[in-house]
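Colleague: Dropping the structure in here first, questions after.
All of the numbers you see were taken from the coordinates with simple rules; none came from a lab. Predicted, not measured: the structure shown is a model, and the values here were computed from it. Positions of Cβ are backbone-derived with ideal geometry, glycine not excepted, and every protein chain shown enters the neighbour counts.
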Ligand SMILES: [Zn+2]
């Protein structure tokens with residue numbers, strides 16, 4: 001039996017003492033600041049805006065003297081200076097790939113992908129040398145699937161570049177190739193499992209899964225529990241963004257997400273951009289050490305908090321807690337915070353729901369909330385479902401909401417989960 005619960009991808013680095021880690025990251029930081037200042041127009045102008053030179057940033061604490069870059073800043077910079085916005089430091093031989101992510105954001109991909117943060121994540125989730133991994137992330141345009149593909153090569157695991165969609169094909173691949181690992185979103189894994197059950201397959205005997213790595217969407221605990229009990233294995237997640245790469249990953253202990261050594265993660269006050277004390281919830285801001293596309297203090301728009309207590313797995317890094325939601329979609333209704341992940345968790349308890357959208361409006365100075373629901377299939381007793389949903393919302397979210405059923409396709413693709421239509425004037 002392969003030991004999937006212990007060990008490290010890079011033991012020396014992952015078990016460094018706090019002092020050693022700070023020294024290591026401080027050195028990496030000075031290098032990238034100097035590199036960016038010399039070769040990247042956008043980074044140099046960031047320094048100039050605050051009247052600083054790279055030597056003004058002596059340690060990790062000094063980082064907050066630099067301005068924060070938000071996604072819209074990157075999108076606008078790229079509109080002015082195509083394609084990479086002046087952030088890039090292109091090698092003479094050019095780049096291997098140009099990725100395109102929603103925004104649109106263009107991103108150069110280097111010839112030799114040496115960033116092993118995702119490999120650390122895959123290892124911590126139980127994937128090992130010799131595994132056959134079904135990579136169901138989208139290989140089309142965006143970087144995540146390809147980064148994971150390269151990382152599987154670092155682990156010496158075999159990859160099946162399946163991409164998303166076509167569930168019956170995925171099940172055939174898993175069976176015929178005896179895939180031992182799944183990589184993809186947790187909801188797609190659930191869809192595969194439901195389809196396999198529909199085909200009367202025995203999930204433990206007919207599939208050969210021994211490790212899973214999920215990511216790229218919120219991962220409610222209720223869904224984790226369902227997946228783990230059905231598959232009888234650990235389901236662990238990694239977290240990152242296309243702009244700055246891997247920022248955290250769970251280990252078997254599941255006590256938050258370990259922050260890899262080759263990135264600096266800060267939790268900041270969304271309004272002031274200043275670092276918050278450990279444990280406080282704020283926006284995740286990351287500085288990576290990419291030589292071709294360095295990002296300094298890039299704001300992810302995701303909310304979380306830091307955990308400092310040691311982890312039983314032996315990794316010594318700080319960890320990110322749960323992702324608490326998005327800075328741009330947290331809504332207050334009657335003074336109560338409503339986070340998209342809370343609504344996600346609630347909706348996950350009703351398998352018949354295909355899609356939902358929360359709409360907040362205001363009438364006569366009073367907030368009004370409605371949840372629009374699309375069902376997977378028509379059901380007989382909608383009134384009963386409406387009653388149960390409204391009760392659940394009242395009890396879990398502590399607000400009163402109307403539940404309205406819409407026709408299939410009534411909620412546009414990519415619609416905001418919480419659409420706040422209130423006008424404050
Ligand atoms: Zn751990």
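Colleague: Classify the range 369-411 as rounded, prolate or oblate, taking a ≥ b ≥ c as the square roots of the eigenvalues of its Cα gyration tensor: rounded when a/c is under 1.5, otherwise prolate if a/b is larger than b/c and oblate if not.
Modeller: Values: a/c = 2.77, a/b = 1.54, b/c = 1.80.
Oblate, because a/c is 1.5 or more while a/b does not exceed b/c.
Colleague: Okay, next question. Got a sec? How would 341, 118 order by Cβ neighbour count within 10 Å, fewest to most?
Modeller: Values: 341 19, 118 27.
Lowest to highest Cβ neighbour count: 341, 118.
Colleague: Please report the spacing between the Cα centers of the range 316-370 and the range 86-110 in Å, no decimals.
Modeller: Centre-to-centre (Cα) distance: 34 Å.
Colleague: Provide, in order from the shortest bin, the percent of all Cα-Cα pairs of the range 331-420 in each 5 Å bin, continuing until the bin that contains the maximum pair distance.
Modeller: Distribution as computed: 3, 13, 27, 27, 18, 9, 2, 0 percent.
Colleague: Express as a percent, rounded to the nearest 5, the fraction of DSSP beta bridges in the chain (both residues included) that run antiparallel. Don't jump to the answer; show the numbers that get you there.
Modeller: On the way: 40 of 61 bridges.
Taking every DSSP beta bridge within the chain, about 65 percent pair in antiparallel fashion.
Colleague: Moving to a separate point now. For the range 331-420, give the share of DSSP beta bridges that are antiparallel, in percent and rounded to the nearest 5; count only bridges with both residues there. Show your work: numbers first, answer last.
Modeller: Details: 13 of 20 bridges.
Bridges in the range 331-420 are about 65 percent antiparallel.
Colleague: Roughly how many whole Å is it from the C-alpha centroid of the range 1-69 to that of the range 127-204?
Modeller: 33 Å
Colleague: Another question, if that's okay. Compute the orientation-averaged projected area for the chain from the convex hull of its Cα atoms and round it to one decimal in nm². Walk me through the numbers on the way to the answer.
Modeller: On the way: hull surface 91.0 nm².
Orientation-averaged projected area of the Cα hull: 22.7 nm².
Colleague: Another one. Within 10 Å, count the other beta carbons around each residue, average over each peptide in 99-109, 176-186, and list them highest first. Show your work: numbers first, answer last.
Modeller: Details: 99-109: 17.2, 176-186: 21.3.
Those peptides, ordered most packed to least, come out 176-186, 99-109.
Colleague: Taking the Cβ of each residue in 420, 328 as the centre, tally the other Cβ atoms inside 10 Å and list the residues starting with the fewest. Each step should come with its number before you reach the end.
Modeller: Details: 420 21, 328 12.
With the sparsest Cβ surroundings first, the list reads 328, 420.
Colleague: May I ask you to order 131-144, 270-283 by the average number of other C-beta atoms within 10 Å around their residues, highest value first? Please list the in-between numbers first.
Modeller: On the way: 131-144: 20.0, 270-283: 14.4.
The densest-packed peptide leads the list: 131-144, 270-283.
Colleague: Going by how many other Cβ atoms sit within 10 Å of their own, how do 350, 188, 298 line up, fewest first?
Modeller: Values: 350 14, 188 19, 298 22.
By the 10 Å Cβ count, ascending: 350, 188, 298.
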